[in-house]
Structure formats: structure tokens, C-alpha cells
Amino acid sequence: MGELGQYILNGISQGCVYALLASGLTLVFGIFDIPNFAQGHLYMFAAYIGFYMVTLFSMSYWLAVILATIALGILGLLTYGFIFYPMRDAPKVNCFVAALALLMILEGVALYFFGTETKWFILPHAKRILTFGGLALAMQRLIVIIGTLIVMVSLQLFIKRTTIGAALEATAQHREGAMLCGIKVSRVSALAFTVGTALAGIAGVLIGPAVLLMPTMGMGPVLVAFSAIIFGGLGSIGGAVLGAFVLGLLESLASGYISATYSLTFVFGILILTLLFRPKGLLGKEVWRP
Amino acid sequence: MRKLYSLERVSWLFVLILAIVVPPILGGYLTSILILICIWSMMCISLNLIYGYTGQLSLGHSAFLALGAYSFGLVAVKLHIGFWPAFLAAAVITGLFGFLIGIPALKLRGHFFVLVTLGFAVTIGVIVLAWVDFTGGANGLAGIPRPDPIPLPWGVKFRFDSLLHMYYFVLLFLILTAGFCHRLVSSLLGKTFIAICHDENLTESLGVNTMSRKLLSFTISAMLAGVAGALYASYNAVISPEIAHFTRGTDVLAYLIVGGSATMTGPIVGTFVLVAIPEVLQVVPYLKTLINGVILMLFIVFLPSGIIGGFKTILPKLGGLRGRPRAGEHDIA
Amino acid sequence: MTLLEVSSLNKRFGGLMAVSDVNFSIQSGELLSIIGPNGAGKTTLFNLLTGIYRPTSGGIHFNGSDITGCKPYQAARYGIGRTFQRTTIFRKETVLDNLVIGQSLHMKTGVWGSVLKTSAARWEEQQIREKAREILSFVGLTGSEDKTAGNLTEEAQKRLSIAMVLVAKPKLLLLDEPTGGVNLEEIGGLIELVKKVQESGVTICLIEHKMRMVMSISDRIIVLNYGKKIAEGTPNEVASNGEVIKAYLGERRVA
């Protein structure tokens, strides 16, 4: 029981990171129909920003969390304004490539300015291990779980309880319909992008102290996040979160019982199977082609 | 009825002559750069086939490059069966992988396909690094042979030890690959690829089994990338997991977009520009990814048709340097 | 002889019954028109016949084979050709190339033949181009061979879209609003073309809104409303059918 319980606990904390990434992805996806491949690198970037703020500028960690999130949100807004908004009439493929270019730029910046040696984001409280009932949980991972909970609840409240949130949901469900209702789609899109990248930012800066920082740290998580949103059905935040936790658990179990190195391969295998047998995902519906 | 002496053909003949005649006077360093340009151009042409001409954006070609390099290296080094059998094995193995991964991947359209190919590339990268017993892990594989010396009629053997001879070998393959693809896309079969690129639904409603056509294009594309990988392995004598990193595939995509996708000459031009210029300017390796990313971003936003594509749009406006009006944006000449 | 037999066809999208318990058949050589108010399910029916949608239940039999739930390219190979409401052609290709692509389903040349330009490959290419020219003249577009398809007039594009399907030698031709978006003067020309196709032995099934045209050229008419078939018969029978008149009240079109 102890082992299984531990894997489940690990899976949950990993699932939180994936849930944040996946929610950001599905927001952008729902509005633009574009997979933001750079989401993983944005997450990586936030982790590094947090790291530098704490180690170079001796900032309080909590302040760094807020600043890193805001910085990523601003980056998202700028990306939308300078890249995706001008490309709104271009073929979809061009936007995929632009997202890729963003990924390459972020990776290049990380490789050149941050260096390839792995970095340890050391925080006094981060490594404290909490134990309960034979299970161990690093303090930072608890922070991740709590942080994710707060963010997810706030996001839900925002979408369901505010007018802007409703506009966001409406545009994600039916772009033309939203336009007819007078919703300024470009503003909503900008918001979606900003929130999407901010979510990647929170994920990165929260998980940073718990893991090794490397320029490539974002690639694995973003693929799992994509698998999560496909698994859970596109355009649905609930599905994204569900998918994220399912895959996080699966990855943790695979890592523990099969092999840690190949856990990503395992998740990818699940993605392929889902796409082959249930392309609409668990919660998706058949697309009506008019 | 294509004009035999069109401006384009003449200029490419000229470039070909330069490519053959000039290198002997260049030093070893420049020749090695040219070799790399040839190899990456081959990979770029292979990507052009599935993306530019069949409309499916594959981010997985780094996997095929690595599969080609590693299967050639492993077969040649561990099985000792000689260069050509190993080379053939590499092409066949990579083609097989292309076929197998293509079947599930191509059932999906648009972003799903892109994602699956990206996932495949990352997965292969992980496996190459992690499967130490088989691939040598981070240490890679060494001792990969050059082609066996070819006996010539007058008693001498054409050896491949020198960079220059290796260059001609690789150049020959580039010419073969380019010629093959050119013939393929200008044929009726090629037209069906282009039709799929324009409008897959319409093509399917006309009775074309688009799945099998896409699979054919993808498999050929994978095989060509594998051949490029095998050539790289042979030239470099040593391969390591960095050849399996998915950024190899995104770099080549950058070369393709910058040069101009869906044109025959774009891949070569784009590769040349993005590989030669950083080398000449002595740019640090890590800065290359950043520069490639920035350049790709600039092109995809402002000039998505690339250098060659841009030329083709501008030239007619400059007053009929082209012959007859060219229908279709897919350049097949 | 019955060419197409549709039995108890149903198509559901979530809560919406787009096509509900539709039964009909098409006889070889006839011209059948399908009419009905907007949203009645006519295009959905075509999509079901050509494999773009899978039926929720029911059967489709064509020329002796069961083609229920087949894929779009298979429907074409069985001999069903189809045009779309929004003129769908390859806008960036030449007119001739459009017709060349339309014949690819019968193409035999493989990769090696194409790359090596074997004499078999060259011969097949020549045959295909000639056949393309033949059909071009049949639909009245000779001389437009080298034009970019997207630059043709709307009416010429309609002709091209019909030609693209004809070139594969279909037995049944489904035309979805072949005169949509075309000038009044040009409609006559298109109608003549449709009749000419019928006379050449192709069975035709037509979706249209222009009543006068439908009444004058159809052998039989089927009327759909809210996904159900509400009437079937000769033009006279349908025109005097009470249900039909009720369905069209307020939406009567006399073209």
C-alpha cells in the first residue's frame, strides 16, 4: 500500500502541473484552434525567471511567484499582439509554425543566456518533507497542489461568474456566434492568450523549486498536457483537468512499476491509442460538418 | 512543353557546375560545411515532400534522421556487413518506421497529426538517449565507416577517406534526391499529392484514397530523411543522441520555410542560407537555435512563401522575366 | 432498373434528427430532384450517400452493392459522383489539371513509373489529358484549358465542377444546387448541360430551389421537410400535394 499510495500522491502533484498547463493550452486551443507548442517552453521560462529572481535579486519566493506569472502573462499578450493577431487571416498551418518559432526562440534564449548546466532552485522550505500515514510529500509539492487548487477554483469562478469569463467561454464555443453578440473577439482572444501563458507561468514557478531546471524541462510536460486535452476532449477545461490528472497518475504508476525513463514514451503510447480509437477524446462529441 | 533553356534551368546548371568545380580549391573546413549543407538539404527536400507538396506538417523528421543514422551505424559497426548493405538496411528500416507511424498519424488531420509527429520525435529522442545497451546512450556510436573504395577502370581506386571525395558522394545523393522528388511531384501521382494539399476533402470525394496517398508520401519522405541520416553517420564517423533531438526537425522546417516550401529550389536555398551564413559569421552553436527561431518567426509572419516564393511573386511584377503565366502555387519546374 | 435504394435512413447529430426514416429509390437513367425548405436535410442526405457522414441507422444500396457507411472515396469508386453547394474546385490549378486530378482514381502508374517516366506512364498521362480535353468540350469549356480555375466566372466554375466528376465516369451524379449563385441568363445553359449529361446515360439526382427549373426537367421529385420525406412523385403530383404547399408557405420561390 505504501508504494502505491506514494505513486498516487506523486501522480497527483504531477497532475497538478499538467492540469495548469493543459488548461492554458485548451483555452488558447478553444479560441484559436491553434496548439500552442510553446506552452512547455513558457513554463520552463517562468521557472528560470523565478529562479533568477530569488537567487540573483534575493527576492521573496512568493513575490517571485507573482512576478513570474505576471511576466509570462505580459509575454503572452505581446505574443498575441505582435504575432498571432497579425496572422489571424493566415492559413492555420502558418500559426502552428509561428508557435514553433516561439518555442525555438525561447529555447535559444534559455540555451544561450541560462546555460545548459542544470540548476537547483534551492529554497529553505522547499525540501522539507512532510510525512503522514507512511507517505512522504515534499513541501514544495504540497505548495503546488494547493496553488493549483486555488488557481483552478479562481479560473472556474472567473469563467462562470464574470461577464468577461462568460464572453471567453462563449467565444471558445462558437466564434461567429460570439461576434454576432457583439463580443470583441480580438479582445477575448488576447485575454485567452494572456491567461493561457500566465497559467504556464504559475505552473513553472511553482514546480521550479521541486525539480531540476534545464532548458528542455518543458518538452515532456507539454506533450503530456497535449495528450491530456486530447484525451479529455478539446476545448473543455474540465476535460483538460481530468485528462491531466489521469495521465499524471498513469505516468507516476508507469514510472514506479515499469520504468522511470520510459514513462513519457508510455504516455505517448496512450495518446496514440486514444487518437486511433476515440479521436474525440473521452468527453468530446462528433463534429458536425455543415 | 517546357522551354528547355528557361532562366531557371540555366541558373541551376550554373550552380551545379560551381558545386562540382569550386570545392577542390576550398579548404577542408569549407568543404565540410558544404557536406553538411548537402545532407541537411536532402532532409529539407524530404520534409518538403510531405509538407510543401502533400500539406501535412511533420515535426517528426528528426526521428527519421536519427533512425537512419543509428540503423546504418549499428548495422555497419555491429554486423560488419559492409557499407552498401548497411546503407540499404538503413533506408528500408527508416521507411518501415515511416510507414508504421504514418498509419495512425495520418488518420488524423491538422494539429493532431503535427502533435503525434512531434511526440514521436521526442519519444525517439528519449529512447536513443536512454537505451544505453543498444545505442550507446550519451556516448553514441563510433567507428562508422565511409563507403568502400570503388575500383575504377584504370586500376586506381576512388577512395572516400578525403573530405572532397565524400563531398562528391553526398552531392551525388543530393542530386538524386532532388531529381527523384522533382520527377515525383511533376507526375500525375505528384498532382494527387498537391490536390490533397489544396483540399483533402475534395480529393477524397473524387475517389482518391487520400489515406494511402498520404502514407506513400510520408513513407518516401521518411526514407529520404533516413538516407540523409545514414550519410551523416558515414561522413561524421561518430553519432550521438543530439542527432535525435527534435530540434533537428524544427531547424530543417525553418530552412524549408525560409527557402520557400512547395518549391523545388527552396529547400536548398533555405538550407544554404541558414547553415552557411552562421558558419561564415562564426556564430556560437547555442545562438543558432535562437537565430533560427527569430528568422523563422519573421518569415512566417511577413513572408510565408519564403525566399524563392517571394521571388516568384515579385519577378512577374518587375515586368515579365518569367515566360508564361504559372498556374498553381506549387512550383514543379 | 433500380440504381440506388435508400431504406429507413436516419442521421442523428446529438439531439437533432437531421434525416429521419427516409426511404426512396432512384431508377437508372432518370432525373430525380430533391427539394425542400432550407435545413430540410437535403445536403445531409447527399453527405450520407457519399460517405461523408455515417448513417445512424438504415441502409444504402447502389448498383447491387451495399454501400452503407462506406468512405467517400469508396462511394466515388462505386460510381457515385457529387458536386457541392459551394463550388468546390481546385482554384489554384489550371482547368485541365482539375480534370486530370479528377481521373486519379483510375490511375495505374505507381511511384517508379512516375519517377522514371516509363513509356507506360507517359502513355497513361497522355490518355488522361485527352480524356480531360474531351470532357472539357462536352461541358463547353474548350479553350479554357490553361486558365487558372479560380479565375473563371461562377458559371464556368460550376461547369468545371461537373466536369471534374464526369471525368471519372460515374453512374449516378449528385448535383447540389448546380445553379446556385449563377445569373438568370446562364441558368439555361447549365440546365442544358444537365440534360445533356442525362442523355449520355448518367442517372442524375439534383438538389435545387428554383421551382420552375425543377418542374420542367425532373422525371420525379422528392420533397423533404425537417429531415422527413413528405412527398414523392411526378412534378404535377408534387405541385398539387397539400403537404408540400404547406411546407413552402411563405417560402415559395418562382425562379
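Figures for the structure shown
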{"read-out": "Lone qualifier among A:116, A:79 - being assigned to a loop (DSSP other than H, G, I, E, B) and touching a residue at least 12 places away in the same chain (Cβ under 8 Å)", "value": "A:116"}
{"read-out": "Pair list, Cβ under 8 Å, 6 or more apart: the stretch C:192-205 residue closer than 20 Å to residue C:155 by Cβ, other residue of a type in the set (Gly, Ala, Ser)", "value": "C:193/C:140; C:198/C:29"}
{"read-out": "Matching residues, the stretch A:208-234, being in contact with a Ser or Thr (Cβ under 6 Å, 6 or more places away or on another chain) and surrounded by fewer than 20 Cβ atoms within 10 Å (Cβ to Cβ)", "value": "A:212, A:214"}
{"read-out": "Filter result for residue B:114 (under 16 Å from residue B:240 (Cβ atoms) and of a type outside the set (Gly, Ala, Ser))", "value": "no"}
{"read-out": "The stretch C:98-119, residues that are touching a residue at least 12 places away in the same chain (Cβ under 8 Å) and in contact with a helix residue (DSSP H, G or I) (Cβ under 7 Å, 6 or more places away or on another chain)", "value": "C:98, C:99, C:100, C:101, C:102, C:103, C:105, C:107, C:108, C:109"}
{"read-out": "Residue check for residue C:52: free of Cβ contacts under 8 Å to residues at least 24 places away in the same chain and within 13 Å of chain B (Cβ to nearest Cβ)", "value": "yes"}
{"read-out": "Qualifying residue in the stretch B:184-197 (condition: part of a helix (DSSP H, G or I), touching a Leu at 6+ places or on another chain (Cβ under 6 Å) and away from chain C (no Cβ under 14 Å))", "value": "no"}
{"read-out": "Filter result for residue B:204 (away from chain A (no Cβ under 12 Å), part of a helix (DSSP H, G or I) and of a type in the set (Asp, Glu))", "value": "yes"}
{"read-out": "Some residue of the stretch B:141-148 being among the hydrophobic types (A, V, I, L, M, F, W, C) and within 13 Å of another protein chain (Cβ to nearest Cβ)", "value": "no"}
{"read-out": "Candidates C:79, C:102, C:69 - the one that is crowded, with 16+ Cβ neighbours inside 10 Å, within 19 Å of the chain's Cα centre (by Cα) and more than 7 Å from chain B (Cβ to nearest Cβ)", "value": "C:79"}
{"read-out": "Out of C:186, C:232, sole residue that is touching a residue at least 24 places away in the same chain (Cβ under 8 Å), more than 26 Å from residue C:169 (Cβ to Cβ) and touching a Phe, Trp or Tyr at 6+ places or on another chain (Cβ under 8 Å)", "value": "C:232"}
{"read-out": "Test: residue in the stretch A:162-183 that is in a helix (DSSP H, G or I) and modelled with pLDDT of 90 or more", "value": "no"}
{"read-out": "Matching entry among A:28, A:65, A:109, A:97 (being surrounded by 18 or more Cβ atoms within 10 Å (Cβ to Cβ), farther than 25 Å from residue A:227 by Cβ and within 14 Å of chain B (Cβ to nearest Cβ))", "value": "A:109"}
{"read-out": "Unique residue being assigned to a helix (DSSP H, G or I) and free of Cβ contacts under 8 Å to residues at least 12 places away in the same chain when the list is A:48, A:43, A:52", "value": "A:52"}
{"read-out": "Residue that is farthest from the other protein chains (Cβ to nearest Cβ) [pool: residues in the stretch B:208-248 that are within 17 Å of residue B:105 (Cα to Cα) and in contact with an Asp or Glu (Cβ under 9 Å, 6 or more places away or on another chain)]", "value": "B:214"}
{"read-out": "Residue within the stretch B:249-262 that is away from chain C (no Cβ under 14 Å), charged (D, E, K, R) and not in a helix (DSSP H, G or I) present", "value": "no"}
{"read-out": "Residue check for residue A:218: touching an Asp or Glu at 6+ places or on another chain (Cβ under 9 Å) and modelled with pLDDT of 85 or more", "value": "yes"}
{"read-out": "Only one of C:254, C:223 that is at pLDDT below 85 and β-branched (Val, Ile, Thr)", "value": "C:254"}
{"read-out": "Residues of the stretch C:122-150 that turn out to be of a type in the set (Asp, Glu) and assigned to a loop (DSSP other than H, G, I, E, B), as a count", "value": "2"}
{"read-out": "Tally, over the stretch B:137-174, of residues that are surrounded by 13 or more Cβ atoms within 10 Å (Cβ to Cβ) and in a helix (DSSP H, G or I)", "value": "12"}
{"read-out": "Residue within the stretch C:34-46 that is in the same structural domain as residue C:179 (by TED's automatic domain parsing) and under 21 Å from residue B:209 (Cα atoms) present", "value": "yes"}
{"read-out": "Test: residue in the stretch A:25-32 that is in contact (Cβ under 8 Å) with a residue 12 or more places away in the chain and out of contact with any Gly (no Cβ under 8 Å at 6 or more places or on another chain)", "value": "yes"}
{"read-out": "Residue ranges of helices (runs of 4 or more DSSP H) in the stretch C:151-255 with at least 2 members farther than 15 Å from residue C:40 by Cα and of a type in the set (Asp, Glu)", "value": "C:154-166, C:184-199"}
{"read-out": "Residues satisfying the stated conditions in the stretch A:112-127, i.e. within 14 Å of chain B (Cβ to nearest Cβ) and of a type outside the set (Val, Ile, Thr)", "value": "A:112, A:113, A:114, A:115, A:117"}
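The values are calculated or read from the model by the stated rules, or taken from the named source; none is laboratory data. Since this is a predicted model, take the numbers as computed values, not measurements. Neighbour counts run over all protein chains shown; Cβ positions are idealised from the backbone, glycine included.
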